[in-house]
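The values are calculated or read from the model by the stated rules, or taken from the named source; none is laboratory data. It should be emphasised that the depicted structure is a prediction, and the values quoted were computed from it without experimental measurement. Here Cβ is always computed from backbone atoms with ideal geometry, including for glycine, and neighbour counts include all displayed protein chains.
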């Protein structure tokens, strides 16, 4: 897959994160260093307790480092206040979770619209058009008015990806996005991520599955709060090619 390397999107320098639990200091990150270029597709792997979630929370502006610096598109996130972090989070980061995190009582359109609620109406001239564009980008046409309970796991994850895209974020963070899906559906979701990456989206994906990680262009390994190893994936697995040789399930929607 073609990589787009025009500028640095993420730059983490000697970042530490210490959580205080009672009288005990838990060192989740111990001096992490990481550079992600615009348009990269990167997987983050590591055992439980290695610091993956902490690193993703910091990258996603859900938390701030105890020490070190984090630059997101040149902005020093480590020095921002809570309201500034919230603004950066909403404008520059799209989140995709293993458990989808959808509102069960509203349909796909309303779920996808959620990030736009926190943006001043005047700042979004074509709200409906942006929602429909996100729906088309994940191949979910025809399911706009369905609630999550009326969808398969793969369709719910498509809604979650569309929601992450609706604000046109600089980066997409995906935390075990295929963890609750069967192998065919997981491959379809990876095909969507690969398509978005070809279109220029910067994507970071946390996974425990090496075969999922090998759909990306680079794998970063975390252990004991530090980045212990990096590996360039010379020939990423092509999800569309994989799907050609996999059995299809009736409840799967077509993947663009």
Is it the case that residue 170 is closer than 23 Å to residue 115 by Cβ and modelled with pLDDT under 95?
yes
Residue list for the range 167-215, filter: without any contact (Cβ under 8 Å) to a residue 60 or more places away in the chain and more than 24 Å from residue 233 (Cα to Cα)
168
Check on residue 88, part of a strand (DSSP E or B), within 29 Å of residue 215 (Cα to Cα) and touching a residue at least 12 places away in the same chain (Cβ under 8 Å)
no
Answer yes if at least one residue in the range 93-101 is touching a residue at least 60 places away in the same chain (Cβ under 8 Å), over 30 Å from residue 13 (Cα atoms) and either assigned to a loop (DSSP other than H, G, I, E, B) or within 20 Å of the chain's Cα centre (by Cα) (or both), and no otherwise.
yes
Output the number of residues of the range 55-70 satisfying the condition of being closer than 18 Å to residue 98 by Cβ and touching a residue at least 60 places away in the same chain (Cβ under 8 Å).
4
Can you give me the ranges of the helices (runs of 4 or more DSSP H) entirely in the range 149-215 with at least 2 residues that are out of contact with any helix residue (DSSP H, G or I) (no Cβ under 8 Å at 6 or more places or on another chain) and surrounded by fewer than 21 Cβ atoms within 10 Å (Cβ to Cβ)?
183-198, 210-213
Which of (1) in contact with a helix residue (DSSP H, G or I) (Cβ under 9 Å, 6 or more places away or on another chain); (2) in a loop (DSSP other than H, G, I, E, B); (3) free of Cβ contacts under 8 Å to residues at least 60 places away in the same chain does residue 48 not meet, given it meets every other one?
(1)
Can you tell me which residues in the range 132-142 are surrounded by fewer than 20 Cβ atoms within 10 Å (Cβ to Cβ) and on the phi < 0 side of the Ramachandran plot?
132, 133, 136, 137, 141
Tell me whether the range 113-129 contains one or more residues that are at pLDDT 90 or above and over 17 Å from the mean Cα position of the chain (by Cα).
yes
Given the structure, is residue 95 surrounded by 12 or more Cβ atoms within 10 Å (Cβ to Cβ), at pLDDT 85 or above, within 29 Å of residue 53 (Cβ to Cβ) and in contact with a strand residue (DSSP E or B) (Cβ under 9 Å, 6 or more places away or on another chain)?
yes
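Residues checked against (1) touching a helix residue (DSSP H, G or I) at 6+ places or on another chain (Cβ under 9 Å); (2) surrounded by 13 or more Cβ atoms within 10 Å (Cβ to Cβ):
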position	(1), (2)
20	no, no
34	yes, yes
55	no, yes
64	yes, yes
69	yes, yes
81	no, no
104	yes, no
